1. Taking the residues in the range 1-55 that are of a type in the set (V, I, T) and in contact with a Leu (Cβ under 7 Å, 6 or more places away or on another chain) as candidates, determine which candidate is farthest from E132 (Cα to Cα).
2. Only one residue in N42, N148 is at pLDDT below 95, within 12 Å of the chain's Cα centre (by Cα) and not assigned by TED's automatic domain parsing to the domain that holds E166, so which one is that?
3. Of these, G29, G44, which one is more than 19 Å from I105 (Cβ to Cβ) and surrounded by 12 or more Cβ atoms within 10 Å (Cβ to Cβ)?
4. State all residues of the range 76-93 that are modelled with pLDDT of 95 or more and surrounded by fewer than 16 Cβ atoms within 10 Å (Cβ to Cβ); if no residue qualifies, say none.
5. Do we have K169 as charged (D, E, K, R), surrounded by 16 or more Cβ atoms within 10 Å (Cβ to Cβ), at pLDDT 80 or above and under 23 Å from I38 (Cβ atoms) here?
6. If you scan the range 51-66, which residues turn out to be surrounded by 12 or more Cβ atoms within 10 Å (Cβ to Cβ) and in a helix (DSSP H, G or I)?
7. Of the residues that sit in the range 14-34 and are touching a residue at least 40 places away in the same chain (Cβ under 8 Å) and touching a strand residue (DSSP E or B) at 6+ places or on another chain (Cβ under 6 Å), which one is farthest from K169 (Cα to Cα)?
Amino acid sequence: MKLVQLDIEKLEPSSSRKSTYVLLLREIGGDRKLPIVIGPCNAGSIAIYLQSDSNPERPLTHDIIKSITNNFNITISRVVIHTLIEGVFHASFFCFMDGDEEIEIDARTSDAIAIAIRMGCPIFTYNDILQEAGVILTDQHSAFKDENSEELEDTTDVLETLSLGELKKQMKEAIEDEDYERASKIRDEINKRKDK
């Protein structure tokens, strides 16, 4: 399977779920983008390094991992987002020590990316994951809120940018919250894609 290198485009508060953030990764040399929903703790850990060159006053968990790898001559060579199951991305980071055999370590995607930005190592995913969950965003169809608006103008436009797995996950949440109007819009978007 072909690996595709990704770069971090931006990190923004989610427009559809409270207390979550969307980390938008972009395909290097292409137009596809991979939106990943992450929690506030890892969003903060990633944001510190995206917005500033200075280290936090006290080390965060990902900073401690960097210190351990540096002190024990462990090299983290890359992060690979390898699986998408029911809207949840799974990742691994690959490391070796003093030229030994490379070891794959399973990690939450947000943790793996937080480590990758600290270590300066590349982030990859497989082309089939990018095909399934990737989106091509235009100025009209952004996954994020406009800075000057409180609400997205059209929920349907936002749904068009989400992966099938994310749509199913959001539909389940909408039903649990008894937000049947939103659930029906999500269902319609899922059915529209199945008809293609």
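1. For the range 1-55, the residue satisfying everything is I46.
2. The conditions single out N42.
3. Details: G29 fails: surrounded by 12 or more Cβ atoms within 10 Å (Cβ to Cβ).
Answer to the check: G44.
4. Hits for the range 76-93 are S77, T83.
5. So K169 passes the test.
6. Residues satisfying the conditions are T61, H62, D63, I65, K66.
7. E27
Let's see how each residue does on (1) polar (S, T, N, Q); (2) within 19 Å of G165 (Cα to Cα); (3) touching an Asp or Glu at 6+ places or on another chain (Cβ under 6 Å):
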{"position": "V4", "(1), (2), (3)": "no, no, yes"}
{"position": "E12", "(1), (2), (3)": "no, no, no"}
{"position": "S15", "(1), (2), (3)": "yes, yes, no"}
{"position": "T20", "(1), (2), (3)": "yes, yes, no"}
{"position": "P40", "(1), (2), (3)": "no, no, no"}
{"position": "A43", "(1), (2), (3)": "no, no, no"}
{"position": "R58", "(1), (2), (3)": "no, no, no"}
{"position": "H62", "(1), (2), (3)": "no, no, no"}
{"position": "K66", "(1), (2), (3)": "no, no, no"}
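The values are calculated or read from the model by the stated rules, or taken from the named source; none is laboratory data. Just so we're clear, the structure is a prediction, and the values are computed from it rather than from any experiment. Neighbour counts are summed over all protein chains in view; Cβ atoms, including those assigned to glycine, are modelled from backbone coordinates with ideal geometry.
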